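The structure appears below as structure tokens.
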Amino acid sequence: MTIPFKSEPSDLHQRALFPSNVFDLLPADHDCFLFHDLFQQLDTGTIEAKYSPNGQHAYHPRQLTSILIYGYSHGVFSSRQLEKRCREDLSFMYIASRNCPNFRVLSDFRKNNAEFFHACFKQTVELALELKLASLGHVSLDGSKFKANSSKHKAMSYKHLKEKEAALTTAIDDLIKQAASCDTEEDAAHGSRRGDELPEELAFKQTRLDTIKTAKAALEKREAALNPGKAIDDKKQISFADEDARIMGKKGDFDYRYNGQISVDSDHQIIVGQHVSQHANDKQEVEPALIALKEATDQLPDKMMSLDNGYYSGDNLEVLEESTVKAYVAVDRGEQSEADTPSDSGRRLVKADFVYDTASDSFRCPADQILALKTQNKAGKRVYQGEAATCQRCPYHKRCCRSQTGEARTISSDDQEVVRQQMRKRMMTDDAKAIYKRRKVIVEPVFGHIKNGGFRGFSLRGTEKVAGEFSLVCAAHNLKKMVKAAVTGLVRPESGNWVAQAS
């Protein structure tokens, strides 16, 4: 029995007398048409000024930017793959106006225009505000780690760098002394050559020493900027490929990464502020986040900002206190006060069970004993301790004191305890808990969209270029959200511009 498969159309290889528009093959509702409309609104004047009218005509910066952003929004990050798509994929061909830039052109454009990509991101934020897709009423801040373009196997610790530098310096000195002591043998060996050429082994070691010195100097410069005035830990590492990246991770998954920080508006998950950090945690990220938010929007959230416990540091809380933002920061990761747990739980008492008194600068334990200030160092760290005899008689003793030598319970803090207690008091209210509860559905899905879309690591190296690429990632996310808003009817293209749909 003959199976009735579909046959090839009779005009498959026939040339049309009047050629049709090849893009008619795309569905009328394909997202490339909406993206193209948005790309036409990008202002590329600042970068156009860098081009010279002399020589061969260059691809328009808007076109290269459109290809990169469209690629990032569709999970294509490799410049070679972008060139391939512009040659084979109809939607990419439409975005590129049927041009096909060489992958090196795309790669160099992405590598050399970090500042312009920051401006592109800012334009997406301004457009989102204009389209009423963001209102800055409730903004949530969070961070996530993205892999650096480097390998943890091509790196060295500060201790190892110092040891290698000393060993190579000694080896090179020995080789030079050895070469100076055998002129006669060298004359016989080199014949007509000068005899003063650098021996191969010496040249290799000298190159290696130069690499070690450069990496060591870069590590010292990086640590001086990140931890000014502090001695460098011998365990600190540096990558030979990307000297700005740092080892980050948890639960055994450690690699060279950057900490990408985003501030997301609650209305439609538009990223309204972003920056890249070299810190492995978020204890110092509020100030740069507020600066980035102000640069992108010319204002700060007018109602509230929610942050997870990773931002619960004295430095962050003081910055928030000085700003006009009313912040809601989760307190005490993994800690619950006695009031939050069953009385028969038998769990150990934590810092949250102790009440801080600002006037006397002391803590009061659940048994009403006062823990007075015992020690304070130059860095501001403070240790509060009760009386050993009182602790021994306390009914909470087994659940509270952990000293093997009978010492009284201690509580550690610093000179920023007041702002911590203020935030703790704020977060105890039902309104604060309800506001904070929304945080996980505002900002966390955005990182999920970015990573599930394929972006998990940077293609560029160095903080400046990585920050430019992250701006590109965030701009792509915002434009993707605007396209979705157009599809769902929240906004509409009108006479070349996009406008908010009347409510």
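Taking 41 Å as R0, compute the FRET efficiency from the Cβ-Cβ separation of K283 and N21 and round it to 0.05.
Result of the calculation: an efficiency of 0.15.
At 7 Å along Cα-to-Cβ for each site, give me the label-to-label distance between K250 and E115 in nm.
3.8
Given points 7 Å out from each Cα along the Cα-Cβ axis, report the L300 to E220 separation in nanometres with one decimal.
For L300 paired with E220, the spin-label model returns 3.9 nm.
Give me, ordered by chain and number, the residues 5 or more places off Q501 or on other chains with an amide H under 5 Å from its own placed amide H.
V491, R492
Could you calculate the contour length gain from A379 to H449, that is, 0.36 nm times the residue separation minus the distance between their Cα atoms, to one decimal place in nm?
21.1 nm
Can you work out the FRET efficiency for the pair D234 and D89, with r the C-beta to C-beta distance and R0 = 51 Å, to the nearest 0.05?
After rounding, the FRET efficiency stands at 0.50.
Could you list the square roots of 5 times each eigenvalue of the Cα gyration tensor of region 447-503, that is, the equivalent ellipsoid semi-axes, sorted largest first and rounded to whole Å?
Equivalent-ellipsoid dimensions as semi-axes: 30, 13, 7 Å.
Under 5 Å between amide H atoms, partner at least 5 residues away or on a different chain: which partners does G457 have, H built in plane at 1.01 Å?
Correct list: K147.
Which percent of Cα pairs goes in each bin when the distances of region 209-295 are cut into 10 angstrom slices starting at zero?
Calculated P(r), rounded to whole percents: 15, 38, 31, 13, 3, 0.
By how many nm would the segment from R208 to E126 grow when fully extended, if each residue of separation counts as 0.36 nm and the alpha-carbon distance is taken off?
Full extension of this stretch gives 24.6 nm more.
In terms of modelled amide H atoms, which long-range or inter-chain residues lie less than 5 Å from the amide H of D414?
Amide H to amide H, under 5 Å and 5 or more residues apart or across chains, D414 pairs with R382.
Take the cross-link list K221/K465; K235/K440; K230/K251 and give me the ones stretching past 30 Å between alpha-carbons.
Pairs exceeding 30 Å: K235/K440.
Which lysines, on any chain, are close to K433 with Cα under 26 Å apart, when same-chain ones fewer than 8 places away are left out?
The qualifying lysines are K283, K303, K326, K351, K425.
Starting with the highest mean, order 296-303, 23-30, 370-377 by the number of other Cβ atoms within 10 Å, averaged over the residues of each peptide.
Order by mean packing, descending: 296-303, 370-377, 23-30.
FYI, it's all coordinate maths here, none of it is from the lab. Bear in mind the structure is a predicted one, so any value in this text is a computation, not a measurement. No Cβ is skipped: glycine too gets one built from the backbone with ideal geometry, and neighbour counts run over all protein chains shown.
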